[in-house]
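Participant: Questions regarding the structure given below will be posed in turn.
Only the coordinates and a few stated rules stand behind these numbers; no lab work does. Here the structure is a predicted model, which is why all the values come from computation and not from measurement. Neighbour counts run over all protein chains shown; Cβ positions are idealised from the backbone, glycine included.
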Ligand code: FAD
Ligand code: SF4
């Protein structure tokens, strides 16, 4: 055998660079489902189903093209992890080289390198051309940045220029680079109007078999499987994309940050899992959005807001992940050590916002960005939860969760665990923010306007305690200086009353 080509579970595209120059007479593909990938964090059953079903559908596509493939189904072998499968394949086939497209996870790259070393076989890792900024390109960009901070906005502008997206000559379309200020509307009193639900995909026979397997092999894992609506094939992902462009993109920007009880999806695209599995290419997603703007079907603020997420944030966090690993995994700037409350795994808390966001996560494997950042992530920071436990939870519970995108968002953006290397400030707010952006507080036993007392919103109490504790840090930052001005005006006894009440709240965190 010439090349043993490894295809990982989130590399499900025929454009996979490891398949370039593939010769069926000399090369062989291996794909494997292994227990460790579903158990190294306590994975949601929708997430496990998504990966296994999408992998099996992709294997069918390879077989239809008569590519020689060995596919290890979870139920038909005892290899505990990917390295054990690779070792067995190397022993059996003795290839000249192993070829694998850059993996998404640092952990998997280490395992590949160790296995190749152990077997004295050449390891060829071509760059992942799915992304619009390669790892070396990002590293070069990062080296050119002044100071130690990396800013998404600067990166994003460079990417807009490079790919000539939403540009008019050298200037941004409409005169502004960023329409974020128009992306923060709440839903008023009426809630979402004229919302057209995204298409959902009924499981075919293959997916049904995977659902049965997951129910049997992972009976105690979180997440329901009564319904499984996620795209597992490229054709389904394309259908989801065209529905989003036609029906949701025009409103996407306006209500990007809004939340509403029992409306988990709003105008969000639900495309992250399809993108992360590589069923979709970011270029085609961005081109479809830009075309909607050019043809007058969606306003600039919405299209720019969406393109900023895919071309800006998604590429940026990948670059940051590879720059900061493995340190990012153990980063803990504030030295927060508290264990996750048990209700992170049940959603049974009296805090309506968390009950909604965690409840829907456990039900569907989905929450949108602001629910992750400004409800679950915010509480985690204010309650001083261990960043490692929070990151493991986020990696476990979302259908789109893969470490290269999850970890920078959790440790870097939500928890400020790496000390603001690529965020301009800790994302902290009181219950007033959640009240403004949702209707959760109307149905909650707590009151977001109160700092202390039995009816006080835990977010508000903990927010003020956070400001008091980190006054010096926040006062030294342009973007948070105003926030802590009020702390300076509080008397010492007011401050100690808030601190005492916050610490009492945290002692009772399981009952909140
Ligand atoms: P939309 O709101 O429709 O956004 C469009 C697309 O933009 C998304 O599909 C996604 O590909 C991209 N995008 C948007 N925001 C980000 C971002 N901050 N970073 C990277 N890409 C972004 N995204 C994941 O794909 N996997 C994760 O594991 C993940 N974990 C997160 C954890 C936290 C704490 C936070 C704050 C964000 C996380 N995100 C993650 C980013 C974002 O929340 C999800 O991509 C988004 O909610 C997925 O829903 P959607 O496809 O409907 O996105
Ligand atoms: Fe959440 Fe506080 Fe509002 Fe209750 S009052 S929903 S805990 S922000």
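Participant: Remind me, relative contact order of segment 3-124 in percent, using alpha carbon pairs under 8 angstrom and six or more residues apart?
Facilitator: Once normalised by length, the contact order is 35 percent.
Participant: Between residue 1 and residue 335, what length comes free when the chain is fully extended (0.36 nm per residue of separation minus the Cα-Cα distance, one decimal in nm)?
Facilitator: 115.2 nm
Participant: How many percent of DSSP beta bridges within the chain run antiparallel, rounded to 5?
Facilitator: Taking every DSSP beta bridge within the chain, about 10 percent pair in antiparallel fashion.
Participant: Something else about it: If one takes the longest principal axis of the Cα atoms in the chain, at what angle in degrees, from 0 to 90 and to the nearest 10, does the Cα axis of helix 492-507 lie?
Facilitator: Roughly 40 degrees between the two axes.
Participant: In nanometres, what is the gap between the two model label sites at residue 60 and residue 389, each 7 Å from Cα along Cα-to-Cβ?
Facilitator: So the two model labels end up 4.2 nm from each other.
Participant: Turning to a different aspect of this structure: In which sequence would 284, 324, 33 go, from the one with the fewest C-beta neighbours within 10 Å to the one with the most?
Facilitator: Listing 284, 324, 33 from fewest to most nearby Cβ atoms yields 284, 324, 33.
Participant: If you stretched the chain out fully between residue 491 and residue 70, how much longer would it get, using 0.36 nm times the residue separation minus the C-alpha to C-alpha distance?
Facilitator: Here the answer is 144.6 nm.
Participant: Counting only the backbone N, which residues of segment 227-259 are under 13 Å from the spot 7 Å out from the Cα of residue 442 toward its beta-carbon?
Facilitator: 259
Participant: Just to verify a number: FRET efficiency for residue 512 and residue 185, C-beta to C-beta distance, R0 = 22 Å, to 0.05? Mind showing how you got there, number by number?
Facilitator: Details: r = 30 Å, r/R0 = 1.34.
Calculated value: 0.15.
Participant: Under 1.5 on a/c is rounded, so check that first for segment 342-511, then, if it is not, pick prolate when a/b is larger than b/c and oblate when it is not; a ≥ b ≥ c are the square roots of the alpha carbon gyration tensor eigenvalues. Write out the running numbers ahead of the final one.
Facilitator: Working: a/c = 1.90, a/b = 1.26, b/c = 1.51.
Judged from the Cα gyration tensor, segment 342-511 comes out oblate (a/c at least 1.5, b/c at or above a/b).
Participant: Moving on. Quote the FRET efficiency, to the nearest 0.05, computed for residue 161 versus residue 450 with a Förster distance R0 of 30 Å and r equal to the Cβ-Cβ distance.
Facilitator: On the way: r = 48 Å, r/R0 = 1.61.
Plugging the Cβ-Cβ distance into 1/(1 + (r/R0)^6) gives 0.05.
Participant: Within segment 233-258, name every residue whose backbone N is under 15 Å away from a label modeled 7 Å from Cα of residue 284 along the Cβ vector.
Facilitator: It comes to 233-245, nothing else.
Participant: Between the helical axis of 82-93 and the dominant principal axis of the chain, each derived from Cα atoms, what acute angle in degrees is found, rounded to the nearest 10?
Facilitator: With both axes taken from Cα atoms, the answer is about 10 degrees.
Participant: In nm, to one decimal, how far is the residue 35 label point from the residue 151 one, both placed 7 Å along Cα→Cβ?
Facilitator: Result for the modelled spin labels: 5.0 nm.
Participant: Still on this structure, please answer the following. Could you grab the relative contact order for the chain? Cα pairs under 8 Å, six or more apart, rounded to a whole percent.
Facilitator: Worked out over the chain, it gives 16 percent.
Participant: Can you tell me the orientation of helix 135-144 relative to the chain, as the angle in degrees between its alpha-carbon axis and the longest Cα principal axis, to the nearest 10?
Facilitator: Taking Cα atoms only, the helix is inclined about 40 degrees.
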